[in-house]
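*Asks:* Please read through the structure below; I'll follow up with questions.
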Amino acid sequence: MKDWLKDRAREPSTYLGTALLISGAGQLAKINEAPAIADAVTNAAPALSSGDWATGLSVILMSVLGIFLKEKGGR
């Protein structure tokens, strides 16, 4: 099972499917940020599928933080 998951994690289509799942669930739940999160996953897919987990996960993390964190300057 572990090898199967590793093999799926190396395929870019896995991340495309994940992004579509996030986008679809966001539409059903009316989460406005879901398409942006799905874009973050799609943008991180090449790094994640090549095994560069540090870059891929940091792209996703920074994208999600950029979506949800409030700007400090403007009120």
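We did not get these values from a lab; they are worked out from the coordinates using the rules stated. Remember, predicted model here, so these are calculated numbers, not experimental data. Cβ: placed from backbone, ideal geometry, glycine included. Neighbour counts: every protein chain shown.
*Asks:* Based solely on C-alpha atoms, express the radius of gyration and the Dmax of segment 2-68 in angstrom.
*Replies:* Cα-based Rg and Dmax for segment 2-68 come out at 12.1, 35 Å.
*Asks:* Given the -39500 (n - 2.57) contribution per DSSP H run of 4+ residues, what per-residue ellipticity at 222 nm results for the chain, rounded to the nearest 500 deg cm²/dmol?
*Replies:* After summing the helix terms and dividing by residue count, I get -25000 deg cm²/dmol.
*Asks:* On to the next question. Considering only Tyr15, Asn43, Met62, whose Cα is most displaced toward the positive end of the charge dipole of the chain, charges sitting on Cβ of Lys, Arg (+1) and Asp, Glu (-1)?
*Replies:* Met62
*Asks:* As a footprinting exposure proxy, order Val59, Val41, Val64 by other Cβ within 10 Å, with the fewest listed first.
*Replies:* Arranged by neighbour count, lowest to highest, Val59, Val41, Val64 become Val64, Val59, Val41.
*Asks:* Mind checking the full-extension length gain between Asn43 and Met62? Use 0.36 nm per residue of separation minus the Cα-Cα distance, one decimal, nm.
*Replies:* Result: 5.7 nm gained on full extension.
*Asks:* Only helices at least 15 Å long along their own axis, judged from Cα atoms, and with Kyte-Doolittle mean hydropathy of 0.0 or greater: name those in the chain from DSSP H.
*Replies:* 12-29, 34-49, 53-68
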